[in-house]
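What follows is a single structure, written as structure tokens, with notes after it.
The values are calculated or read from the model by the stated rules, or taken from the named source; none is laboratory data. All of these numbers come straight from a predicted model, not from anything done at the bench. When we count neighbours, we look across all protein chains shown, and the Cβ atoms used for this are built from the backbone with ideal geometry, even at glycine.
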Amino acid sequence: MGCLVGIDFGTKRTGLSCTDPNQMIASGLNNLPTAEVLPFLKEYCQRENVDAFVIGQPLQRDGMPSSVETKIGEFIEALKRSFPNQKIERYDERFTSKIAMQSLIEGGLKKKKRADKGLIDQVSATLILQSFLDYKTNNI
């Protein structure tokens, strides 16, 4: 069994997370400018056995897709071309950025560190992936 990679896609920055090989626990992996994500993932997948990618699905409160969904669709097509053997899953990412910020505050992180939007993206990717794992565990 390989790991899963979580992706919190953004038009400027993208947060990444990964699971352990047993797919039990999600951890932060990296945050990068979005243009660097595919090259990073190509290198990462050469070192690690990756079963699937879990990409956040940004929905509005009413359940409608957010405006960034078009860009995410383009990214997913590029991901499919680069990784034809890996599955691509989607998972609702509503409120993950707010939960990530709250987690950093509760964790005692100084205000200057909390201003690092890349860190928030990485924590958001971890929350998306862990929520996906929890959902899978509870619905099997």
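If we keep just the residues of segment 54-98 that are at pLDDT below 80 and of a type in the set (Lys, Arg), which is surrounded by the most Cβ atoms within 10 Å (Cβ to Cβ)? Spell out how you get there, then give the answer.
Taking segment 54-98 first, the residues at pLDDT below 80 are 59-67, 93-98.
Subsequent filtering for residues that are of a type in the set (Lys, Arg) retains 61, 94, 98.
Details: Arg61: 7, Arg94: 15, Lys98: 11.
Applying the filter and picking the extreme gives Arg94.
Scanning segment 44-73 for residues that are closer than 15 Å to Phe132 by Cβ, touching a helix residue (DSSP H, G or I) at 6+ places or on another chain (Cβ under 9 Å) and not hydrophobic (A, V, I, L, M, F, W, C) yields Gly56, Gln57, Pro58. The residue that is surrounded by the fewest Cβ atoms within 10 Å (Cβ to Cβ), counting only those in segment 1-29 that are over 19 Å from Ile88 (Cβ atoms) and not hydroxyl-bearing (Ser, Thr, Tyr), is Asn22. For segment 34-58, residues that are of a type in the set (Phe, Trp, Tyr) and part of a helix (DSSP H, G or I) total 2.
Each row is one residue, and each column tells you yes or no for (1) free of Cβ contacts under 8 Å to residues at least 40 places away in the same chain; (2) within 13 Å of Ser124 (Cα to Cα).
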site: Leu16; (1), (2): no, yes
site: Met24; (1), (2): no, no
site: Gln57; (1), (2): yes, yes
site: Met64; (1), (2): yes, no
